[in-house]
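Have a look at the structure below before the remarks.
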Amino acid sequence: MFQAFYNGLSGMLSFSRNLDTVSNNISNMNTPGFRGADTFYKSLGGGEQESGNGTQISGLGYRFTSGDIRQTGNATDVAISGQGFFTLLKDGNSYYSRAGQFAFNNDGILTDSISGASVAAIDENGSVSAFDISKLRVRAPKETSSVLLNGNLSSGATTHEVSGVTVFNKLGEEVNLTLKFTKSTTDTGAWSVSVLNNSASDAVLSTETIKFGADGTPLSGQSSFTVSVPDSMGGTASVSFNLGDTGNFGQSTSTDTGTTSTLNAVVQDGSAIASLRSIDFKSDGSISLTYTNGETQAGPALALAHFKDESVLRLAGGSLFEATSEAGMTVGKAGTGSLGSIQGKSIELSNVDLSREFADMIVIQRGYQASSRLLNVSNQLLEQLYESTRGR
C-alpha cells in the first residue's frame with residue numbers, strides 16, 4: 001500500500017518533468033535551428049517477487065530531423081538543406097548548430113548572432129579557422145597597363161582627337177587623357193600622337209609617332225607606344241597603347257574615308273580602390289564578394305560538420321550542441337560527401353511539430369491524473385486501515 005503511494009508520486013513527478021520538456025518545445029517552436037526533445041522514462045526496481053518501485057526520467061533525446069527553411073532576405077542568414085551542422089568556435093571550444101543567424105563583426109569575423117561564437121571556415125586543405133573577410137573588405141587599386149585603339153584613322157583627314165580616355169595610376173586615381181593625332185606632311189602613313197593629361201591642365205605627357213602601311217594596317221614596330229601616367233605621390237604607371245598587328249583589319253586601320261575618323265580607345269584594365277558593396281553565399285558555402293567597382297571575388301567557405309551518431313550530441317545551451325568522441329565527426333565543405341547544400345538569405349526554423357506536442361500533452365495529462373488517482377486510492381486504503389484499528 002505504501003509502495004503504491006510512492007509509485008504514484010514518482011509517476012506524477014516524471015510526468016511533470018515531461019511536461020516541462022513539452023512546454024520548452026512549444027515555447028521554442030519559432031526559434032531558428034531549435035531541435036525538439038523527447039523525455040524518456042525508466043522503471044525502478046522490480047523482480048520476480050516485486051512489482052517495482054515506480055518510474056523516473058532517464059534522460060532526453062533530441063530530434064534531428066530538418067525544419068522548414070524560410071527566406072529572410074538577410075545576406076548573412078544561411079540554412080543547410082540536408083545533413084550537417086555549422087561549426088562554431090568560442091573560448092577554445094567547438095560547438096555545432098543548425099541555426100544560421102550570422103553577422104559580421106567590426107573585425108570582419110562572421111559570428112553567431114545569438115552566442116557570439118565565431119563561425120568556422122574550411123580551406124582547400126581541410127583546415128578549420130574563423131570565417132574572416134577582414135582583408136577582403138577593401139579591394140586594392142590596379143593600375144591600367146593596356147589601352148587598345150580600334151577603328152579607322154582616315155588618311156583623308158589631317159587631325160583626329162580621342163577624348164575621355166580614363167585610366168588609373170598606381171594609387172588608383174583616375175587620370176583623364178586625350179589623344180590628338182596629327183597627320184605627317186612628309187612621311188606617308190605616319191601620324192604624330194600627343195597624349196594630354198586633362199586632369200592636370202592638359203599637360204602633354206608624351207608625343208609619339210605611329211605609322212600605317214600601304215594596306216592601311218599598322219606597321220610592325222610603329223604600332224604601339226607607351227605613356228607614363230603620374231600619380232599624386234610622384235609615382236608613374238606605364239600604359240601601353242596598341243593599334244594592332246600588321247595585316248590585321250580587325251583593330252586599327254588608316255584608309256581614306258574623307259574627313260571622318262572612327263578611331264577610339266578601349267581601356268583594358270585598371271580600377272580604383274573599391275569597398276565591399278554586397279555579399280552572397282553560394283550553395284557550396286563559399287562567399288562571393290562584390291565591390292563598388294563591379295568586380296567580384298570568392299571568399300572563405302563555411303565548415304560543416306557531419307556526425308555518424310547524432311544521438312550522442314550534448315546540448316550546450318540554446319541551439320548549440322557539443323560533440324562526444326562517440327559521435328564520429330567529420331568536417332567538410334557543403335555539397336561534398338553526405339553534407340547538404342547551403343541556401344543563402346534563409347534560415348532553418350525549429351523542427352517542433354505542434355500537433356505532436358499537443359498529443360504528448362494529452363498523454364501526460366492522463367498519466368498525471370492516473371498517478372494522482374493512485375495517491376488518492378492509497379490514501380483512502382490507509383484511512384480505512386486506521387479506522388479499522390479504532391474498532392469502527
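The values are calculated or read from the model by the stated rules, or taken from the named source; none is laboratory data. Small disclaimer: the values here were computed from a predicted structure and weren't measured. We place every Cβ from the backbone using ideal geometry, glycine too, and count neighbours over all the protein chains shown.
Report yes if some residue within the stretch 131-142 is within 23 Å of the chain's Cα centre (by Cα), part of a strand (DSSP E or B) and among the basic types (K, R); otherwise report no. Taking every residue of the stretch 131-142 in turn, at least one turns out to be within 23 Å of the chain's Cα centre (by Cα), part of a strand (DSSP E or B) and among the basic types (K, R). Applying the criterion of being polar (S, T, N, Q) and farther than 19 Å from G151 by Cα to the residues of the stretch 192-231, the residue that is surrounded by the fewest Cβ atoms within 10 Å (Cβ to Cβ) is S201. Screening G299, G344 for residues that are within 27 Å of G108 (Cα to Cα), in contact with a helix residue (DSSP H, G or I) (Cβ under 8 Å, 6 or more places away or on another chain) and not charged (D, E, K, R) leaves exactly one candidate, G299.
Within the stretch 157-183, the set of residues being surrounded by 14 or more Cβ atoms within 10 Å (Cβ to Cβ) and among the small types (G, A, S) comprises A157, G172. Annotation note: of S58, S155, S115, the sole residue that is touching a Phe, Trp or Tyr at 6+ places or on another chain (Cβ under 8 Å), within 30 Å of G213 (Cα to Cα) and at pLDDT below 95 is S155. Do we have N125 as surrounded by fewer than 16 Cβ atoms within 10 Å (Cβ to Cβ) and closer than 24 Å to S325 by Cα here? Against the criterion (surrounded by fewer than 16 Cβ atoms within 10 Å (Cβ to Cβ) and closer than 24 Å to S325 by Cα), N125 qualifies. The listed residues are E357, E326, and the only one of them that is out of contact with any Lys or Arg (no Cβ under 6 Å at 6 or more places or on another chain), surrounded by fewer than 20 Cβ atoms within 10 Å (Cβ to Cβ), farther than 24 Å from P32 by Cβ and of a type in the set (D, E) turns out to be E326.
Does K142 fit the bill of being among the charged types (D, E, K, R) and at pLDDT below 95? Judged against the criteria, K142 is a match. Taking K333 and the conditions (1) surrounded by 13 or more Cβ atoms within 10 Å (Cβ to Cβ); (2) within 23 Å of N18 (Cα to Cα), which numbered condition does it fall short on, given that it satisfies the others? Going through (1) surrounded by 13 or more Cβ atoms within 10 Å (Cβ to Cβ); (2) within 23 Å of N18 (Cα to Cα) one by one, K333 breaks only (2). Set side by side, the residues T330, T296 differ, and just one is in contact with a His (Cβ under 6 Å, 6 or more places away or on another chain), at pLDDT below 95 and either among the β-branched types (V, I, T) or over 20 Å from S127 (Cα atoms) (or both), which is T330. Summed over the stretch 144-156, the residues that are assigned to a strand (DSSP E or B) and crowded, with 21+ Cβ neighbours inside 10 Å give a count of 2. Under the condition of being assigned to a loop (DSSP other than H, G, I, E, B) and among the hydroxyl-bearing types (S, T, Y), the residues counted in the stretch 335-392 number 3.
Residues that are free of Cβ contacts under 8 Å to residues at least 40 places away in the same chain and farther than 30 Å from N25 by Cβ: list the strands (runs of 3 or more DSSP E) wholly contained in the stretch 230-329 that include at least 2 such residues.
Numbers: elements: 236-242, 264-267, 274-281, 286-291, 296-307, 314-317, 320-322.
Of the strands (runs of 3 or more DSSP E) lying wholly inside the stretch 230-329, those with at least 2 residues that are free of Cβ contacts under 8 Å to residues at least 40 places away in the same chain and farther than 30 Å from N25 by Cβ span 286-291, 296-307.
Given the structure, is G116 within 25 Å of the chain's Cα centre (by Cα), surrounded by fewer than 16 Cβ atoms within 10 Å (Cβ to Cβ) and in the same structural domain as A316 (by TED's automatic domain parsing)? It is true that G116 is within 25 Å of the chain's Cα centre (by Cα), surrounded by fewer than 16 Cβ atoms within 10 Å (Cβ to Cβ) and in the same structural domain as A316 (by TED's automatic domain parsing).
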